[in-house]
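For reference, the structure is listed below as structure tokens.
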Amino acid sequence: MLVDTGIGLQDVVRPNRRLGWMFQGIVRPRLDAGETALRQVQRLGFQETDVRDIIVTHLDPDHAGGLSDFPHANVHLFSPELDAAQNPADRMERTRYRAEQWAHKPGFVRQYINGEPWFGFDCVRKPHGLPPDILLVPLLGHSRGHAGVAVHTKTGWLLHAGDAYIHAGELDHEKPGCPPGMLLHQRATSVNLRLCRKNVERLRELAHEHSREVRVFSAHDPSELARLREGRQ
Ligand SMILES: [Zn+2]
């Protein structure tokens, strides 16, 4: 199973068509085939067909681009996210999603937002058809159906918070902060700022009060990636 797919091989080959000029201009992604999920999976000794399920936190181009590298996988996501991507409601939704990235018609599996409380979060559910140690956590606001993904490991929970926050400083309990440019970008790409703020507050609280039980990280902060790679808390 994969959680998110990052930028895929086709995005590297045809960035203008697949990612669009606006995304490239703002995000300036490093278009390196070696960094794609497929190449990383292969480096771990697996094949593309070994990835049978993918959960996407949301369908922004830097999370969904690699879907086409695993065309046989089921793609699990919150139902409103698929609605937003397939039937965009406004200009923001029309410009953010890139239908070329799922033109291969992956097997989307809609997951619905209802379930149990989990560490102060509501409506957390075990996705249908997936192992019980994986949970989908509604973190709506960045996009219509944005999800966090929690995985229970031998050493506790890992919570991938997607783009619910983008800078580790936002979860700092003593002195929360985020560089102004990143904050602006976050505001410009969120569908509901009130929900976004609430999510960050809850994540900050979770990271502070349950630091021994849950490790929280986001999709984009390289310091968090380095910390996790080294096995640091
Ligand atoms: Zn995003």
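Each value in this text was obtained by applying a stated rule to the coordinates, not by laboratory testing. This structure is a prediction, so every number in the text was calculated from the model and none was measured. Reconstructed Cβ throughout: ideal geometry from the backbone, glycine too, with neighbour counts over all protein chains shown.
Report, in debye and to the nearest 20, how large the dipole of the range 102-233 comes out about its Cα centre when Lys and Arg carry +1 and Asp and Glu carry -1 on their Cβ.
Roughly 360 debye for the range 102-233.
Within a straight-line Cα-Cα reach of under 18 Å, Lys126 can be paired with the following aspartates and glutamates, leaving aside sequence neighbours fewer than 8 residues apart in one chain: Asp4, Asp53, Glu81, Glu116. Between the C-alpha center of the range 165-211 and that of the range 1-55 there is a gap of 25 Å. Rounded to the nearest 20 debye, the dipole magnitude of the range 1-111 is 300 debye, with +1 charges on Lys and Arg beta carbons, -1 on Asp and Glu beta carbons, and the Cα centre as origin.
Using the empirical formula 2.2 N^0.38 Å as the baseline, the Cα radius of gyration of the range 33-96 reaches a ratio of 1.26. Placing unit charges on each Cβ (+1 for Lys and Arg, -1 for Asp and Glu) gives the chain a dipole about its Cα centre, and among Ala89, Gly107, Val200 the Cα reaching farthest toward its positive end belongs to Ala89.
Computed from the alpha carbon positions, the gyration tensor of the range 1-63 leads to an equivalent ellipsoid with semi-axes of 22, 13, 9 Å, biggest first. Once the convex hull of all Cα atoms in the range 113-233 is built, its volume per residue stands at 106 Å³. Taking every alpha-carbon pair in the range 1-111 and binning the separations at 10 Å intervals from zero gives 15, 49, 31, 5, 0 percent. Each Lys and Arg contributes +1 and each Asp and Glu -1, all at the Cβ; summed about the Cα centre of the chain, the dipole is approximately 340 debye.
From the P(r) of the chain, could you give the percentage of C-alpha pairs in the tail past 34 Å? When all Cα pairs of the chain are counted, 9 percent exceed 34 Å.
Counting 0.36 nm for each residue step from His128 to Ser79 and taking away their Cα separation leaves a gain of 16.4 nm. Label positions at Ala188 and Thr155, each projected 7 Å from the Cα along the C-beta direction, are separated by 3.8 nm. Partners of Lys154 within straight-line reach, counting aspartates and glutamates whose Cα lies under 12 Å from its Cα and excluding those fewer than 8 residues away in the same chain: Asp133, Glu213. The Rg/Rh ratio for the range 73-135, using Cα coordinates for both the radius of gyration and the Kirkwood hydrodynamic radius, is 1.04. Along the axis of the charge dipole computed for the chain (Cβ charges of +1 for Lys and Arg, -1 for Asp and Glu, origin at the Cα centre), the listed residues Trp118, His146, Pro131 are led at the positive end by His146. Net length available on complete extension from Arg52 to Arg39 is 3.1 nm, with 0.36 nm assigned per residue and the Cα-Cα distance removed.
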